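The structure appears right after this line, and notes come after that.
The values are calculated or read from the model by the stated rules, or taken from the named source; none is laboratory data. Bear in mind that the values here come from a model prediction, so they are computed numbers and not experimental data. Virtual Cβ from ideal backbone geometry, glycine too; neighbours counted across all protein chains shown.
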Amino acid sequence: MIRLAAVIDTFEADFLAQYRDRLTSDHYRALAAMKHCRTQASPMMQVQCTGCAQQKLVPHSCGHRHCPHCQHHESQQWLERQMKKQVPAEYFLLTFTLPAEFRALAWAHQRVVYELLMRCTWETVRTFSQNDKQLRGTPGAIAVLHTNTRRLDYHPHVHLVMPAAAVDGQRRLWRTKRRGKGKGKGGYLFNNQALAKVFRAKLLAAIEAAGLTLPCRHPEKWVVDCKSVGSGESALIYLGRYLYRGVIAEKDIVGCDNGQVCFRDRDAKTGKVERRTVSGAQFLWLVLQHVLPKGFRRARNFGFLHPNCKRLIALLQLLLSQGIPSLRDIKFAPGRLLAWVKPRAPILCACCGAVMVIVRTRMRAGSAGGMSVPIVTAGAH
């Protein structure tokens with residue numbers, strides 16, 4: 001497997017020469033962190049085998065949220081938190097896409113435009129839920145900002161996972177939408193074109209209110225997709241997989257030679273695995289252009305799925321755990337999806353296969369103090 005750190009070490013000089021004028025301090029921090037991730041330049045931790053007592057040094061990960069080699073544990077924790085909030089309703093995956101004409105504006109004012117994109121997405125579905133005859137209340141939603149396509153091109157969009165349900169705070173009522181008729185047929189949440197019109201109006205108004213200049217030309221028709229995802233587990237697992245671990249998995253980097261990098265991706269429409277070959281400098285740009293501004297939260301919970309509504313979720317799960325006739329097709333068991341959450345893999349001894357335990361958590365690089373212990377740069381912890 002080709003490590004991203006090795007790619008950076010090989011092409012960093014060419015990358016900086018070509019793209020220096022586009023880089024921000026956030027890009028430089030990400031580049032430096034990923035370059036030394038789990039290498040001999042990283043701080044070390046000392047582990048010892050519980051079987052044969054052999055010791056070794058394991059480099060720490062950089063911990064950067066855009067590093068493909070890190071944040072697996074954080075991703076699992078996020079997935080666990082979302083699955084504990086499952087409610088008995090049909091879930092939908094909505095995708096709100098920023099038109100291509102706005103990408104230059106979004107890149108120049110990332111923090112502002114990303115914030116407006118997240119806010120307007122939520123305000124759109126909240127407006128529809130409050131006006132819907134079957135819901136008439138405040139919905140709950142999990143929103144995740146993505147800035148990349150599977151080919152790593154710049155393409156800001158927001159995924160929203162939400163149950164077809166709402167809470168009427170004034171009357172203290174829980175309402176859900178009826179499922180589609182027929183076995184296996186998904187229900188209907190909102191009209192895609194109507195969602196797109198309202199989303200467009202809200203975002204254009206918000207951009208102008210923020211003092212930004214709209215593009216000279218922008219389309220009248222925007223794209224919003226809304227589809228049923230059953231109990232929501234597949235959508236949450238999909239979002240959780242790419243939330244904290246960068247835009248490309250290292251196993252998908254399949255070639256690095258002759259000044260070029262080859263990586264593979266899966267076509268969203270055909271499902272076929274394709275390969276893309278670019279120069280090493282361009283590959284690093286494709287990866288680093290998706291680094292978010294420092295402190296920006298790309299995943300957020302809204303409505304009754306907000307972290308402040310833990311008591312409400314627990315009460316709903318308790319009252320509704322007996323099942324609702326109109327939702328018989330949805331097997332509701334709060335937390336049942338936690339079987340998908342994978343525990344952190346242990347460090348195993350290469351000699352006897354026993355589990356290794358941490359003896360010292362953090363040692364500076366080169367400070368082994370004369371210990372004759374091997375340094376394992378490919379180990380996971």
Residues in the range 274-306 that are in a loop (DSSP other than H, G, I, E, B) and either in contact (Cβ under 8 Å) with a residue 24 or more places away in the chain or not assigned by TED's automatic domain parsing to the domain that holds H159 (or both): how many?
11
Anything in the range 117-144 that is closer than 18 Å to N192 by Cβ and among the hydroxyl-bearing types (S, T, Y)? List them, or say none.
T121, T124, T127, S129
Hey, does the range 243-262 have a residue that's touching a Cys at 6+ places or on another chain (Cβ under 9 Å), at negative phi, surrounded by 18 or more Cβ atoms within 10 Å (Cβ to Cβ) and among the small types (G, A, S)?
no
Any residue in the range 83-102 that's of a type in the set (S, T, Y): show its pairings with residues that are modelled with pLDDT under 90 and in a loop (DSSP other than H, G, I, E, B) at Cβ separation under 8 Å, as long as the two are six or more apart or on different chains.
Y91/G230; Y91/S231; Y91/G232
Looking at the range 191-222, which of the residues that are under 19 Å from V112 (Cβ atoms) and among the β-branched types (V, I, T) is nearest to the chain's Cα centre (by Cα)?
I207
Any residue in the range 226-240 that is in a strand (DSSP E or B), in contact with a helix residue (DSSP H, G or I) (Cβ under 8 Å, 6 or more places away or on another chain) and among the basic types (K, R)?
no
Does the range 81-104 contain any residue that is more than 30 Å from K310 (Cβ to Cβ) and among the small types (G, A, S)?
yes
Scan the range 124-149 residue by residue and report those that are under 22 Å from I248 (Cβ atoms) and buried (at least 17 other Cβ atoms within 10 Å of the Cβ).
V144, L145, H146, T147, N148
Scope the range 35-73; condition more than 18 Å from the chain's Cα centre (by Cα) and not in a loop (DSSP other than H, G, I, E, B); matching residues:
K35, M44, M45, Q46, V47, Q48, C49, Q55, K56, L57, V58, P59
